[in-house]
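Reviewing the structure listed below.
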Amino acid sequence: MSIDKINRSRTVLKEILEKEGSWDTSSISDLSNEEIEILLDNKTNKNDSKTLSDLGAGTGLFLSLPHKLFDSINLKVVFYNLSTYGKGSRVTKNIKDKIYRLFEEEYFGEFDSVIIIVDEEIGETINKSILELNNSLNNDLNDLEFPDEIIKIMDDKDYHLEKKHFRNVWIFDLTSISVNLTKNRFVPEHIIIREENKIQEILEQSNCSKMQLPIIKQEDIQSRLCLSTPGDIMKIMRSSKSSGTYAFYRLVR
């Protein structure tokens with residue numbers, strides 16, 4: 001396992017989250033590779049839950065980033081199944097059970113979301129497990145009411161989100177998140193549209209319904225980099241010599 005790759009992943013994560021705009025990234029400080037190695041060696045203590053210790057080495061690398069609007073809501077960043085002796089054991093579909101238990105044990109808050117970073121390529125089985133996990137988490141959320149403070153903030157800021165925009169999990173492999181793909185000149189800019197009133201404006205301008213839009217899958221790397229959820233609209237900025245820069249829209253599914 002590359003300590004340098006872990007360090008670069010922190011830098012890239014800070015860049016993409018600053019662009020996404022919802023989370024306070026000030027706690028992601030610049031560290032040396034030696035400091036990263038020390039954090040990787042940190043062990044859970046006897047008072048920590050077994051679920052936490054089962055996540056492997058690297059709990060010292062975990063991050064908790066507060067939402068810029070909702071002080072009580074955080075984005076948790078989990079470096080999962082790392083090892084101080086190279087690669088950890090293979091990530092399996094029980095990842096969804098371990099993360100779900102951390103919500104049950106209140107290590108994560110009710111409305112928190114989670115980014116998981118693993119040191120291996122993410123296959124279909126793991127992607128399916130994360131989708132199942134998100135379905136379970138969202139179903140749980142349907143039984144909860146928004147706290148009054150969250151409703152008041154959304155009304156005051158005229159920024160209205162749905163429950164589906166909370167309590168989500170996104171997964172990245174260490175290799176892809178250690179390079180900022182959003183800065184690649186061959187990749188058009190992707191901008192996530194979450195608010196339903198803005199989505200309806202786009203649909204009216206485009207004279208179409210959501211279901212008539214082309215699809216971008218939630219597990220697509222650009223969807224994940226924007227922290228999208230199903231039903232969001234992805235605004236993709238394309239350019240050509242004849243038309244200049246123009247917006248192209250896709251439905252996240």
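The values are calculated or read from the model by the stated rules, or taken from the named source; none is laboratory data. Owing to the predicted nature of the structure, the values given are computational and were not obtained by experimental measurement. Quick reminder, even Gly has a Cβ in these numbers, built from the backbone with ideal geometry, and neighbours come from all protein chains shown. Please note that ligands, DNA and RNA were not included when accessible areas were found on the heavy atoms of the full protein model with its side chains. Shrake-Rupley method; radii C 1.70, N 1.55, O 1.52, S 1.80 Å.
For segment 28-138, give me every one of the strands (runs of 3 or more DSSP E) that falls completely inside it and has 2 or more residues that are open to solvent by less than 10 Å² (accessible area, probe 1.4 Å) and modelled with pLDDT of 95 or more.
Correct list: 74-80, 113-118.
State the number of residues belonging to segment 204-230 that are part of a helix (DSSP H, G or I) and either without any contact (Cβ under 8 Å) to a residue 12 or more places away in the chain or out of contact with any Leu (no Cβ under 9 Å at 6 or more places or on another chain) (or both).
5
Quick check on this structure: which one of Ile171, Ile199 is open to solvent by less than 30 Å² (accessible area, probe 1.4 Å), at pLDDT 95 or above and touching a Gly at 6+ places or on another chain (Cβ under 9 Å)?
Answer to the selection: Ile199.
Just give me the residues in segment 152-165 being more than 17 Å from Lys68 (Cβ to Cβ) and open to solvent by 70 Å² or more (accessible area, probe 1.4 Å), in sequence order.
Across segment 152-165, the qualifying residue is only Glu162.
Would you mind telling me which numbered condition in (1) without any contact (Cβ under 8 Å) to a residue 12 or more places away in the chain; (2) open to solvent by 50 Å² or more (accessible area, probe 1.4 Å); (3) hydroxyl-bearing (Ser, Thr, Tyr) Ser240 fails?
Status for Ser240: all satisfied but (2).
Output the residues belonging to segment 1-27 that are over 19 Å from the mean Cα position of the chain (by Cα), among the hydrophobic types (A, V, I, L, M, F, W, C) and in a helix (DSSP H, G or I).
Once the filter is applied, which keeps residues that are over 19 Å from the mean Cα position of the chain (by Cα), among the hydrophobic types (A, V, I, L, M, F, W, C) and in a helix (DSSP H, G or I), segment 1-27 yields only Ile3.
Among Asp97, Asp54, which is more than 15 Å from the chain's Cα centre (by Cα) and touching a residue at least 12 places away in the same chain (Cβ under 8 Å)?
None of the other options fit; the residue is Asp54.
Name every residue in segment 1-11 that is open to solvent by 10 Å² or more (accessible area, probe 1.4 Å) and not basic (Lys, Arg), in order of residue number.
Residues satisfying the conditions are Met1, Ser2, Ile3, Asp4, Asn7, Thr11.
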